[in-house]
Amino acid sequence: MDETEQRIIDLIEEHRQEILDFARDIEGHPEPGFQEVRTAKKTAELLKKYGYEVQEGIALTGVRGGWNSQDGGLERISGAGKNAAGKSTGKFPNISVIGEMDAIGCKAHPMADAQNGTAHACGHHAQMAVLAGAAMVFADPEIRKQITGSLTFLAVPAEEYIDADKRTALRKQGICFGSGKSEMIRRGEFDNTDLVMTTHVHMVPVEEDFYLGNPACNGFTAERVTVRGKAAHAAIDPWNGVNALSIASSAIQMMGLMRENFREEDHVRLHNVIRKAGDVVNSVPDEAVVETKIRASSLERIQEVQEMIDRAYDGAAYAFGGKIERERIPGYMPVRPREADPALVQAAEALGVSFRTVKPGDFNNACTDMGDLTQLFPIVNFTFRGFEGRLHGEDFRITDEEKAYILPAKLMALAIYRLLRNDAREAKKIVDDFTPVFDKKQYIEYIEKQM
């Protein structure tokens, strides 16, 4: 560990109590996606306190913190530093550090908000603590002198799934895409980004304190299906009706029978919620509303399963004489796997923590809008311990604040330093070696076609 790395560790220790207080405060005030008003305000206040130039209200609640070009910090020139093939031309890279602000709906959680029903049962408040710790470190002028490149701190809204009704309301507020990162890509908030750094509590079974790299994860798409039937008296003449609930139930049963057609390596998961199924019990239901979510490990397989599900709805409607109306709900793209970068491994070794790295074949069946970013940018990612219970469950809780807040902040800051020291050699290599699936324009066009 060199002198700068020791200074990084010392700074985190100096700010230990502030990091802990920040994490506890965010945890104690959970907010749903695109409504993280208080969380955003607290984040903006912290970044301003440490001298960052702050932009608020991005995609309603997002916050950006960067170096003011007048304070002696390095310019953000990364976007102009790539050629048409997306390769670096030698200019210095920008690293965007991500923290997710939203909580998950979990009314049974002991720390759930009584009004909005959410709780930080996915550990996003810990990400925000890591972002805060890294921001404190790189506010130090002496440490800035030792790195080449620039940093952007992004507090991002709405990583958790937003259902169809809420999306309809959000469109009236200018939110065109359904997740925070996707909307921020659309709005150009990542236009100057070369490399993204992310973190999360462990999402796969890992005994070590840290899991370095990005395992593959499922992506998903969703749709809201309105089934149209025909009302009739349920006792006098049900034969003159068309039962929308029967159509919906038959379609869901067909989906269950399709499961033997799903290959294990595709990691297909189907989820259905019946939002409505008639109005009164003594009439044949003439309307049913079902929200269906399809997960799979590739964009191609998601599309294939979507077509199978559509046939199930169409076939059930044909059999009963009803009709189907669909509203597509674009989801998250699969996470492209990435082994642990040397800078991350070296930082963990310098810190002296237990860790293991992502191996080929590691897979996470969950979905995250981080998958969208992996289609456009190289992602340096790690996950960490310090909690017990089930993600999204009422028993999730932080049990070790050192492992959940302090050690991850140290690892994040050390990894950033190792990426940007020595003329940003490691960061530039990552950028040069990365081949995106989409550029911004292609990405936006792909999402819009799903809508």
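The values are calculated or read from the model by the stated rules, or taken from the named source; none is laboratory data. Keep in mind the model is a prediction, meaning the values are calculated, not measured. Positions of Cβ are backbone-derived with ideal geometry, glycine not excepted, and every protein chain shown enters the neighbour counts. Heavy atoms of the whole protein, side chains included, go into the accessibility calculation; ligands, DNA and RNA do not. Shrake-Rupley method; radii C 1.70, N 1.55, O 1.52, S 1.80 Å.
Of everything in region 315-356 that's acidic (Asp, Glu) and exposed (fewer than 15 other Cβ atoms within 10 Å of the Cβ), which residue is farthest from Asp165 (Cα to Cα)? I'd like the intermediate steps shown before the answer.
Pass one, region 315-356, residues acidic (Asp, Glu): 325, 327, 339, 341, 349.
With exposed (fewer than 15 other Cβ atoms within 10 Å of the Cβ) added as a condition, the list becomes 325, 349.
Details: Glu325: 15, Glu349: 47 Å.
Per the criteria, the residue is Glu349.
So which of Leu407, Leu376 is assigned to a loop (DSSP other than H, G, I, E, B), touching a helix residue (DSSP H, G or I) at 6+ places or on another chain (Cβ under 8 Å) and open to solvent by 10 Å² or more (accessible area, probe 1.4 Å)? Spell out how you get there, then give the answer.
On the way: Leu407 fails: assigned to a loop (DSSP other than H, G, I, E, B).
Criteria check complete, one pass: Leu376.
Just for region 357-373: of the residues that are charged (D, E, K, R) and crowded, with 17+ Cβ neighbours inside 10 Å, which one is farthest from Ile98 (Cα to Cα)? Walk me through how you get there before you give the answer.
Filtering region 357-373 down to residues charged (D, E, K, R) leaves 359, 362, 369, 372.
Still in the running and crowded, with 17+ Cβ neighbours inside 10 Å: 362, 369, 372.
Numbers: Asp362: 23, Asp369: 12, Asp372: 13 Å.
Per the criteria, the residue is Asp362.
Go through region 47-77 residue by residue and tally those that are over 20 Å from Glu142 (Cα atoms), open to solvent by less than 70 Å² (accessible area, probe 1.4 Å) and at pLDDT 95 or above.
So the first thing to find is which residues in region 47-77 are over 20 Å from Glu142 (Cα atoms), and the list is 54-64, 77.
If we keep only those that are open to solvent by less than 70 Å² (accessible area, probe 1.4 Å) too, we end up with 54, 57-64, 77.
This time we only want the ones that are at pLDDT 95 or above, so: 54, 57-64.
So the count comes out to 9.
Looking only at region 268-280, filter to residues that are more than 27 Å from the chain's Cα centre (by Cα) and open to solvent by less than 60 Å² (accessible area, probe 1.4 Å); which one of those is farthest from Lys230 (Cα to Cα)? Don't jump to the end; show me each part of the working.
So the first thing to find is which residues in region 268-280 are more than 27 Å from the chain's Cα centre (by Cα), and the list is 276-280.
Within this subset, residues satisfying the condition of being open to solvent by less than 60 Å² (accessible area, probe 1.4 Å) are 277-278.
Working: Ala277: 12, Gly278: 10 Å.
Looking at residues that are more than 27 Å from the chain's Cα centre (by Cα) and open to solvent by less than 60 Å² (accessible area, probe 1.4 Å), I get Ala277.
Search region 184-195 for residues that are under 17 Å from Ile95 (Cβ atoms) and pair each with any residue that is hydroxyl-bearing (Ser, Thr, Tyr) and crowded, with 21+ Cβ neighbours inside 10 Å when their beta-carbon atoms are under 6 Å apart and the residues are at least 6 apart or on different chains.
From residues that are under 17 Å from Ile95 (Cβ atoms), the pairs are Asn192/Ser78; Thr193/Ser96; Asp194/Ser78.
Looking only at residues that are outside any helix (DSSP H, G or I) and of a type in the set (Val, Ile, Thr) in region 142-170, which one is most open to solvent (accessible area, probe 1.4 Å)?
The initial filter retains those residues of region 142-170 that are outside any helix (DSSP H, G or I), namely 145-163.
With the extra rule that they be of a type in the set (Val, Ile, Thr), the set shrinks to 147-148, 152, 156, 162.
Working: Ile147: 8, Thr148: 28, Thr152: 1, Val156: 1, Ile162: 12 Å².
Residue satisfying both the conditions and the ranking: Thr148.
Is it true that some residue in region 189-198 is modelled with pLDDT under 95, over 27 Å from Gly393 (Cβ atoms) and touching a Lys or Arg at 6+ places or on another chain (Cβ under 8 Å)?
yes
List every residue pair whose Cβ atoms sit under 6 Å apart, with the two residues 6 or more apart in sequence or on different chains, where the first one lies in region 295-311 and is closer than 18 Å to Pro215 by Cβ and the second, anywhere, is in a strand (DSSP E or B) and of a type in the set (Lys, Arg).
Arg295/Arg269
Quick one: would you say Thr221 is under 30 Å from His125 (Cα atoms), in a strand (DSSP E or B) and touching a Leu at 6+ places or on another chain (Cβ under 8 Å)? Give the steps one after another, and end with the answer.
On the way: under 30 Å from His125 (Cα atoms): yes; in a strand (DSSP E or B): yes; touching a Leu at 6+ places or on another chain (Cβ under 8 Å): no.
It is false that Thr221 is under 30 Å from His125 (Cα atoms), in a strand (DSSP E or B) and touching a Leu at 6+ places or on another chain (Cβ under 8 Å).
Return the residues of region 325-362 that are part of a loop (DSSP other than H, G, I, E, B) and charged (D, E, K, R); say none if nothing qualifies.
Of the residues in region 325-362, the ones part of a loop (DSSP other than H, G, I, E, B) are 330-334, 336-337, 339-341, 352-354, 358-362.
Across region 325-362, the qualifying residues are Arg336, Glu339, Asp341, Lys359, Asp362.
From (1) in a helix (DSSP H, G or I); (2) over 19 Å from Thr148 (Cβ atoms); (3) touching a residue at least 60 places away in the same chain (Cβ under 8 Å), pick out the condition that doesn't hold for Asp432.
The number of the failed condition is (2).
Do you know which residues across region 239-256 are under 13 Å from Ser283 (Cβ atoms) and open to solvent by 50 Å² or more (accessible area, probe 1.4 Å)?
Asn240, Leu245
Tally the residues that are surrounded by fewer than 21 Cβ atoms within 10 Å (Cβ to Cβ) and small (Gly, Ala, Ser), restricting the search to region 102-141.
6
Which condition number in (1) touching an Asp or Glu at 6+ places or on another chain (Cβ under 7 Å); (2) surrounded by fewer than 17 Cβ atoms within 10 Å (Cβ to Cβ) is the one that Arg187 fails?
Arg187 satisfies all of (1) touching an Asp or Glu at 6+ places or on another chain (Cβ under 7 Å); (2) surrounded by fewer than 17 Cβ atoms within 10 Å (Cβ to Cβ) except (1).
Any residue in region 281-303 that is open to solvent by 70 Å² or more (accessible area, probe 1.4 Å) and within 22 Å of Ile162 (Cβ to Cβ)?
Kept after step one, since they are open to solvent by 70 Å² or more (accessible area, probe 1.4 Å), are these residues of region 281-303: 281-282, 300, 303.
Applying the additional criterion that residues be within 22 Å of Ile162 (Cβ to Cβ) yields 303.
Yes, the conditions are met somewhere in region 281-303.
Mind counting the residues in region 418-451 that are within 22 Å of Glu349 (Cβ to Cβ) and open to solvent by less than 10 Å² (accessible area, probe 1.4 Å)?
Total meeting the criteria: 4.
Given the conditions (1) modelled with pLDDT of 95 or more; (2) assigned to a loop (DSSP other than H, G, I, E, B); (3) crowded, with 20+ Cβ neighbours inside 10 Å, and given that Gln173 satisfies all but one, which numbered condition is not satisfied?
(3)
Given the residues Glu260, Glu265, which is the only one that is within 21 Å of Tyr332 (Cβ to Cβ), open to solvent by 20 Å² or more (accessible area, probe 1.4 Å) and not in a strand (DSSP E or B)?
Numbers: Glu260 fails: within 21 Å of Tyr332 (Cβ to Cβ).
From the options Glu260, Glu265, the qualifying one is Glu265.
Quick check, is Leu131 within 22 Å of Thr198 (Cβ to Cβ), out of contact with any Lys or Arg (no Cβ under 9 Å at 6 or more places or on another chain) and either outside any helix (DSSP H, G or I) or not hydroxyl-bearing (Ser, Thr, Tyr) (or both)? Can you show your working first?
Numbers: within 22 Å of Thr198 (Cβ to Cβ): yes; out of contact with any Lys or Arg (no Cβ under 9 Å at 6 or more places or on another chain): yes; either outside any helix (DSSP H, G or I) or not hydroxyl-bearing (Ser, Thr, Tyr) (or both): yes.
So Leu131 fits the description; yes.
Take the residues in region 94-128 that are of a type in the set (A, V, I, L, M) and either more than 18 Å from the chain's Cα centre (by Cα) or assigned to a loop (DSSP other than H, G, I, E, B) (or both), then tell me which one is nearest to Met203 (Cα to Cα).
We begin by selecting, within region 94-128, every residue of a type in the set (A, V, I, L, M); these are 95, 97-98, 101, 103-104, 108, 111-112, 114, 119, 121, 126, 128.
Checking which are either more than 18 Å from the chain's Cα centre (by Cα) or assigned to a loop (DSSP other than H, G, I, E, B) (or both) leaves us with 101, 103, 108, 111-112, 114, 121.
Values: Met101: 17, Ala103: 16, Ala108: 21, Met111: 21, Ala112: 21, Ala114: 27, Ala121: 12 Å.
Applying the filter and picking the extreme gives Ala121.
Tell me, yes or no, whether region 79-101 has at least one residue that is touching a Lys or Arg at 6+ places or on another chain (Cβ under 6 Å), at pLDDT below 95 and open to solvent by 10 Å² or more (accessible area, probe 1.4 Å).
yes
Looking for something assigned to a helix (DSSP H, G or I) and over 21 Å from the mean Cα position of the chain (by Cα) - is there at least one such residue anywhere in region 389-402? Give the derivation first.
Going through region 389-402, the residues assigned to a helix (DSSP H, G or I) turn out to be 401-402.
From what's left, over 21 Å from the mean Cα position of the chain (by Cα): 401-402.
Checked against the condition, which is being assigned to a helix (DSSP H, G or I) and over 21 Å from the mean Cα position of the chain (by Cα), region 389-402 yields at least one hit.
Which residues, counting only those in region 41-53, are closer than 23 Å to Gln17 by Cβ and either among the hydroxyl-bearing types (Ser, Thr, Tyr) or in contact with a Gly (Cβ under 7 Å, 6 or more places away or on another chain) (or both)? Walk me through how you get there before you give the answer.
Taking region 41-53 and keeping what is closer than 23 Å to Gln17 by Cβ, we get 41-52.
Scanning region 41-53 gives Thr43, Leu47, Tyr50, Tyr52.
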